[in-house]
Amino acid sequence: MFEECIVLKSRLHSNSRRIVSIDYGAKRVGLSLADPLRLFTQPFGVFTPKVAIEKLVDLHDKESIGTIVIGWPLNEDGTEGQATRAVERYILQLRQHFDDVEIVRWDERFTSKEAKSRLAMHKKQKREHIDQVAAGLILQEFLDSISETTRTD
């Protein structure tokens with residue numbers, strides 16, 4: 001993944017297109033956006049998979065998306081499984097709408113667990129809040145990795 005970030009760094013810093021993240025689920029998709037300076041994330045909502053694509057198409061038409069970072073649900077041991085195959089099918093749907101957008105698979109192990117822990121103070125959080133926070137965590141990790149590669153250059 002580190003090498004992937006280095007390759008992307010030059011593309012990401014050379015334009016002002018938006019970076020979005022996706023926490024995919026068969027029923028719900030959490031979306032998050034990077035701020036224009038690519039320092040922080042902001043929630044964009046939780047939608048059905050179909051509606052999420054529609055929202056992203058609208059965003060792309062209005063503000064231009066440069067990169068989609070999608071959570072890649074590896075098993076705890078790092079292997080791919082049924083969940084990664086489902087995400088791969090969703091990526092194929094995304095590519096039908098975003099042929100000019102970089103799609104990055106991002107290891108999302110433990111992001112839902114981290115999101116649940118961050119929301120633990122609110123005992124009755126809905127699952128959609130967890131999905132939205134998880135999307136934000138995926139994107140923040142990605143943004144932080146870009147920032148780290150920039151500082152080391």
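Filter segment 88-113 down to residues that are surrounded by 15 or more Cβ atoms within 10 Å (Cβ to Cβ) and in a helix (DSSP H, G or I) and give me whichever is modelled with the lowest pLDDT. The qualifying residue modelled with the lowest pLDDT is Ser112.
Within segment 71-82, residues that are of a type outside the set (A, V, I, L, M, F, W, C) have Cβ atoms under 7 Å from residues that are surrounded by 12 or more Cβ atoms within 10 Å (Cβ to Cβ) and in a strand (DSSP E or B) in these pairs: Gly71/Ile22; Gly71/Asp23; Gly71/Trp106, counting only partners at least 6 apart in sequence or on another chain.
What residue, among those in segment 1-50 that are modelled with pLDDT of 90 or more and farther than 28 Å from Ala83 by Cβ, is surrounded by the most Cβ atoms within 10 Å (Cβ to Cβ)? Once the filter is applied, the top-ranked residue is Arg17.
The values are calculated or read from the model by the stated rules, or taken from the named source; none is laboratory data. Note that this is a predicted model, so its numbers are computed, not measured. Cβ coordinates were reconstructed from backbone atoms using ideal geometry, including for glycine residues, and neighbour counts include every protein chain displayed.
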